[in-house]
Amino acid sequence: MKYTILTFGCQMNKSDSERLASTLENLGYTATEKMEDSDLIIFNTCSVRQKAEDRVLGMMKEMAALKRARPDLLVGITGCMTRISSTRKSERKDQLIKRLAEVDLVFRIEDLPKLGSLLKEANPKLAMREIDEAELKNYFQINPRYSNKFQAFVPIMTGCDKFCTYCIVPFTRGREVSRPLAEIYNEVEQLVKNGCVEVTILGQNVNSYGLSWADKKSNQFIYDNEQPFVHLLKKLDQITGLKRLRFTSPHPQDMMPDVVAAIATGRTLMPYIHLPVQSGSDEVLRRMNRNYTAADYLKIVADIKKQMPDCALSTDIIVGFPGETDEQFMETYRLFKEVEFDMSFTARFSPRRGTAAQKLMTDDVPAKEKARRWHLLNDLLKEISVRKHKQFLGQTVEVLVEGFDAEKGVCTGRTEHFKYIEFPGTEEMVGEFVPVKVNKGLLWMLKGEAV
């Protein structure tokens, strides 16, 4: 039996797909990239933005055609579009099963240990290996099928307690629960022993690790007046053989000075922080339920730049949020200009079904105006990006090589500042650290020569 996983969205979804692949292979499936050869196709979905959801829904016609050619083909959906783990035969069904005739099963990612029984329910004739659900214990204890040996995503928590008014994640992934530190440490330590040199720890609000109501109730995250996330960073930083430690995504509300200090002084922590601001308007931030002001955000940025003057910063921004006036958008524009973000993932607001923004607010900014605001920010980003990339000219940067293009004879990778770079190289360099002298600073990337 063969399976295909189609992943949409953030690094958390990519990490989920690695655990999903491992589970399927334990059940007796083998991977294929050709959907026409698959016996099982699973969409790991994102519903943070309408575009990602539309891509999944837009593929249902193709699924219908594949099912006509292969009547026993099963189609499943997991990720942020799902609410109820169920099959077409379940008494209580997820709305996706009711809406989409092509879908046979839906499961919340934390219910991954139940996938075998859901597949059996969808098709009792399946000849799968039997796995006791008790053996899988929980989602976090499923060993992932990593895409390569030298890099890994490691989730340190699941769920979200922030309840931003535009976001569906708390309803699809549940309330925030952190993994025990020892469990995370052991996973990272084993990865490093197996050759991993760069680890990215993940959470919906990664720096609120150990701070949720459930976490405090467990009494597992008390570390002598030290924030649990800071304590975790310091512990992982001590692992011999680990070269780079990254994390995403933090929330400004929990970005305390001791977190910044831990990043600035850590041996493995990189000079790059992704810190979503979403808006530069206090009124819009209030309606978004972000629990900080623009001044609070700028204070954090000032602290980062004081402790790490060369730190690269990226962010997330939503334009056209309900009620956003032109002046409120210009507050975002001015904040962007002041911070000088290296990168921004800017989205035009689209209401997500089930959120407070969709239920209680009117999507009153016209699409044309959303586009105008998006282009203004993108033009500013381009201006800043080129200028910042040119600052690397003549510098020698350390690159972790992630890929090799045989046709071009070019290696690709990331610098410590998370800058994408290309340089002439060989396939043997993949997974290695290579010093590269930068000779071109382009719009979205650097180019150079190995030295």
Legend entry - Qualifying position, being farther than 30 Å from K305 by Cα, of a type in the set (A, V, I, L, M, F, W, C) and crowded, with 19+ Cβ neighbours inside 10 Å, among V365, V410, V397, V401: V365
Inset, instruction - Of the conditions (1) surrounded by fewer than 19 Cβ atoms within 10 Å (Cβ to Cβ); (2) not in a loop (DSSP other than H, G, I, E, B), G195 clears all except one; give me its number. - result: (2)
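Results for (1) within 23 Å of the chain's Cα centre (by Cα); (2) more than 16 Å from T200 (Cα to Cα); (3) buried (at least 20 other Cβ atoms within 10 Å of the Cβ); (4) at pLDDT below 95, shown as yes or no for each residue.
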| residue | (1), (2), (3), (4) |
| --- | --- |
| E226 | no, yes, no, yes |
| V230 | yes, no, yes, no |
| K234 | yes, no, no, no |
| Q238 | no, no, no, no |
| K243 | yes, no, no, no |
| R246 | yes, no, yes, no |
| S249 | yes, no, yes, yes |
| I263 | yes, no, yes, no |
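For a quick check of your reading: which helices (runs of 4 or more DSSP H) sit entirely within the stretch 1-117 and have at least 3 residues that are within 28 Å of Q141 (Cβ to Cβ) and either touching a Pro at 6+ places or on another chain (Cβ under 9 Å) or acidic (D, E) (or both)?
Correct list: 11-26.
Select from the stretch 207-230 the residues that are touching a Ser or Thr at 6+ places or on another chain (Cβ under 6 Å) and touching a residue at least 40 places away in the same chain (Cβ under 8 Å) and list them in ascending order.
Result: Y209, single match.
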Legend entry - helices (runs of 4 or more DSSP H) within the stretch 249-317 that include 2 or more residues over 21 Å from Y209 (Cβ atoms) and in contact with a strand residue (DSSP E or B) (Cβ under 8 Å, 6 or more places away or on another chain): 282-288
Inset, instruction - Those residues that are assigned to a loop (DSSP other than H, G, I, E, B) and buried (at least 21 other Cβ atoms within 10 Å of the Cβ), I need them from the stretch 332-341; list them, please. - result: F341
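The values are calculated or read from the model by the stated rules, or taken from the named source; none is laboratory data. No experiment lies behind these values; they were computed from the predicted model shown. Note that each Cβ is placed from the backbone with ideal geometry, even for glycine, and that neighbours are counted across all protein chains shown.
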